[in-house]
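The values are calculated or read from the model by the stated rules, or taken from the named source; none is laboratory data. Note that the structure is predicted; figures quoted are calculated from it, not measured. Cβ coordinates were reconstructed from backbone atoms using ideal geometry, including for glycine residues, and neighbour counts include every protein chain displayed.
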Amino acid sequence: MDSGAWTDSRQADCLQRSHGRLRLTLRDRAGRTGIASWYQFGAAKARAPKVYTHDGIEALLINTAGGLTGGDSFEISLSVEHDALGVFTSQASEKLYRSIGGTASIKVDMSVAENGRGYWVPQDTIFFDEASLSRELRLAAAESAELLIMEPLVFGREAMGERVSKGHYRDSWRVSVDDKLVFAEEARLSGDIAAGLARPALGRGATAFLTGLYRGPAMEEKRDALRDLPCGEGTWAGASLLRGTLSFRVVAPDPADMRRWMAAAYRILSGLPTPIAWRC
């Protein structure tokens, strides 16, 4: 049977869709972070393996559906209370598969209270040809909180001979500190993604991208340290400090170069070893 003909003969809205909701609250207990509340529904799960290199929680976010496609939706709500440390990463790379109807939706809300440390650092999202994704990231932090965001994105797996020609990608960020908006960004690629990424102002033909943001101590020194990190051939990286927020980006033709830069940057910005899941 021709699988392409089979999928085309089905109505997209009749196919089973994956949904998940996750709510996780972390609380400081006498100098060590613990879990105050934990709710999970559908394909959104979390695990918190023991760590011995710091007193925080490394929460592994898991999509038991094995990936996302059009019509799937996930909602994640994370709260780091005062003085707690939460590192939120993913068990593995998230995969965005071809959509035959609809858009995959991911919504992340994270709050970090006074003197808390909240790090949103998932492993890369791999975008396949003709995938469709809309992602929203909303973060609220206290002035005294430390905040780190890293979002790596890979368009196709070159080592597997995969190439992204078409699709839809939208990424929306809003970051506020003490209810004041300090960072906002809208990114969108739609239609002929390959042509867009080939443009010098967008990607110069690169397929791996990292967008990051940091608020915390010693931002000028950390900005300079990021600028000094080595890059692989054809990889471009930059870091800027504006309105009390350190933002940085990486554009790489090889995802491995992007990941190496990301790991080094994480150690500089957090002062911690890379998350356990990154090393598995």
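When we screen 111, 134 for residues that are over 15 Å from residue 212 (Cβ atoms), in a strand (DSSP E or B) and touching a Gly at 6+ places or on another chain (Cβ under 9 Å), the only hit is 111. Taking the criterion of being of a type in the set (A, V, I, L, M, F, W, C) and surrounded by 22 or more Cβ atoms within 10 Å (Cβ to Cβ), the residues of segment 124-144 that qualify are 126, 127, 131, 133, 139, 141. How many of the residues in segment 152-173 are buried (at least 16 other Cβ atoms within 10 Å of the Cβ) and either within 18 Å of residue 111 (Cβ to Cβ) or out of contact with any strand residue (DSSP E or B) (no Cβ under 9 Å at 6 or more places or on another chain) (or both)? Here the count works out to 1.
Identify all residues within segment 14-63 that are in a loop (DSSP other than H, G, I, E, B), over 28 Å from residue 114 (Cα atoms) and at pLDDT below 95; write none if there are none. So that I can check it myself, show each step before the final result.
Of segment 14-63, the ones in a loop (DSSP other than H, G, I, E, B) are 15-18, 30-31, 43, 48-56.
When the remaining residues are screened for being over 28 Å from residue 114 (Cα atoms), the result is 15-18, 43.
Those that are in a loop (DSSP other than H, G, I, E, B), over 28 Å from residue 114 (Cα atoms) and at pLDDT below 95: 15, 16, 17, 18.
Within segment 92-108, track down each residue that is out of contact with any Gly (no Cβ under 8 Å at 6 or more places or on another chain) and hydrophobic (A, V, I, L, M, F, W, C). Of everything in segment 92-108, those that are out of contact with any Gly (no Cβ under 8 Å at 6 or more places or on another chain) and hydrophobic (A, V, I, L, M, F, W, C) turn out to be 92, 106, 108.
The residue that is nearest to residue 106 (Cα to Cα), among those in segment 50-59 that are of a type outside the set (Val, Ile, Thr) and over 20 Å from the mean Cα position of the chain (by Cα), is 50.
Where residues in segment 60-79 are of a type in the set (Val, Ile, Thr) and within 15 Å of the chain's Cα centre (by Cα), which of them is surrounded by the fewest Cβ atoms within 10 Å (Cβ to Cβ)?
Going residue by residue through segment 60-79, those that are of a type in the set (Val, Ile, Thr) are 62, 64, 69, 76.
Next, only the ones that are within 15 Å of the chain's Cα centre (by Cα) stay: 62, 76.
Numbers: 62: 18, 76: 21.
Step by step, filter segment 60-79, then rank; the result is 62.
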